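One structure is given here, and the rest of the page talks about it.
The values are calculated or read from the model by the stated rules, or taken from the named source; none is laboratory data. In this text, all values refer to a predicted model and were calculated from it rather than measured experimentally. For neighbour counting, all protein chains shown are included, and Cβ atoms are generated from backbone atoms with ideal geometry for every residue, glycine included.
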Amino acid sequence: MVDVRISVLNDDAARETNGLAEWLRHERDLPTVVDLVPRPTVPGELGAVVDIVVAAAGSGGLAVALINSLRSWLKAKAARVTIEVKTVKGSATLDARNIDTAETRALLDQILDFLR
């Protein structure tokens, strides 16, 4: 099993993070634990920022379901959101503006490899 940490990187991170967490919690193909956890503060950052941690995303089917869910959520957001997906094996940044590009498909495949 691999924990996945997801950070929303835009100005409205708190609202978007909560929205993504709710999206993931309602995915019937993701019977995992989705938690909000404090992100380490950065100098100059105002207020507490949280990340999403998805636990138990390590099996093949769960990993694919997580990737598909993230892709669908980003497509629904159009050009407003960028997320960073991190595991112990690496990280990748996904931008909703480029979600249908070959580069983003390669990044999604890379994240999938991180989860296995």
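For the range 61-104, the set of residues classified as of a type in the set (A, V, I, L, M, F, W, C), touching a strand residue (DSSP E or B) at 6+ places or on another chain (Cβ under 7 Å) and over 20 Å from ASN18 (Cβ atoms) consists of ALA92 only. For the range 1-27, a residue qualifies if it is more than 14 Å from the chain's Cα centre (by Cα) and part of a strand (DSSP E or B), but none of them does.
Of all the listed residues (LEU46, LEU30, LEU62), the sole one being more than 12 Å from the chain's Cα centre (by Cα), modelled with pLDDT under 85 and either in a helix (DSSP H, G or I) or of a type in the set (S, T, N, Q) (or both) is LEU62.
If you take the residues of the range 65-92 that are among the basic types (Lys, Arg) and assigned to a helix (DSSP H, G or I), which of them is surrounded by the fewest Cβ atoms within 10 Å (Cβ to Cβ)? Walk me through it before giving the result.
Looking only at the range 65-92, we keep the residues that are among the basic types (Lys, Arg), and these are 71, 75, 77, 80, 86, 89.
Subset that is assigned to a helix (DSSP H, G or I): 71, 75, 77.
Details: ARG71: 17, LYS75: 11, LYS77: 20.
Step by step, filter the range 65-92, then rank; the result is LYS75.
Select from the range 14-27 the residues that are more than 25 Å from ALA106 (Cα to Cα) and either at pLDDT below 85 or among the hydrophobic types (A, V, I, L, M, F, W, C) (or both) and list them in ascending order. Scanning the range 14-27 gives a single hit, ALA14.
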